[in-house]
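Okay, handing you the structure first.
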Amino acid sequence: MTTQEDSWDEDEGARPSSLLSVHKLSSRDIHYDSQLLRDLEIANARTRVELGHLPPDGVPVAVKRKPSIPKAADSHGDAARVTGAATPSPGDSETQMAYDPQEAEIMKLQSVAMAAAIGAVTLAGGLANASSHDSSPAKARTATSHGLPEYFDLYSTTPVGDNSKCVAGKVTDEDGMFSRPYVYVADAAGERIKWARYMDMPDDFYEGRATHCVRRGDALYVLLQLDTQAPRSLSQTLLSIVKVRIADGSTEGEEDVPVPNAKGPYTSWVWDDDGLKVVNDAFLVTGKYRYLDTEDDFPFSVTIKM
């Protein structure tokens, strides 16, 4: 570009060269991408709450119709003729288009369904591309007929003897955010809950979930996975095992689960159903971890004695 071509443009208030792109990232910013993903999840969760899920039969198929457009008056002054509509009287100020109530209702349903579809598709895409350091997604929405919190998501159900089962999960707000670890023990049929409680979570953690439960002796051992911050690119997921009395759920002890040989800030997670199990009077925890500044996942296995 010559000096003359790059002269000051009064209309633009700048030189043409200042409007050219001068910088482009050579690689994607995973921190920025993760923050955008988090924002999308919040927006899509609210959309799903307000509009509901996609209809079972999918988006209603639009009925293709040829629009009834009024014709202009001809050169002899004849009134416009509208197919399927009454001929306007000479006193009308303007000709109105024919109105079909059925077509309007279809368009209304289509708009609502399309909005729900966009929210569902966006959410699915966000989850598919989310970092795998999230624990396994909630598998079921538990009914509230037994007095459980309304927004309880179940992660695992484990038989613990005495015709009982331990259910581990999380409780969120109505938008699916700010999760808190939650555990209850019920009879094998799930008809009667013996006790249910939130698991204690330190104040310096943002949210968390209970994902695994095993029994040893007269106690249950619950695996907690707690997140330090809201932005996933900056958050660490740290693990701990909490010992609770099987009789009433009161806490009797807690032990952190470190990742062996990890150097530097990392995030860890346990996904598999057998990620927590009893081995020779100790607890074997197997999962994966990732350093905050990389995208590489590494397996780990550690034995915790309690």
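Among the strands (runs of 3 or more DSSP E) confined wholly to the stretch 206-306, which include 3 or more residues that are more than 18 Å from Tyr155 (Cα to Cα) and among the polar types (S, T, N, Q)?
It comes to none.
Every residue, every condition in (1) more than 21 Å from the chain's Cα centre (by Cα); (2) more than 21 Å from Val185 (Cα to Cα), yes or no:
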residue	(1), (2)
Met201	yes, no
Ser233	no, yes
Ser268	no, yes
Phe298	yes, yes
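In this structure, does Asp203 turn out to be assigned by TED's automatic domain parsing to the domain that holds Thr251, modelled with pLDDT under 90 and closer than 21 Å to Asp256 by Cβ?
yes
The values are calculated or read from the model by the stated rules, or taken from the named source; none is laboratory data. Given the structure is predicted, the values throughout are model-derived calculations rather than measurements. Positions of Cβ are generated from backbone atoms using ideal geometry, with glycine treated the same way; all protein chains shown enter the neighbour counts.
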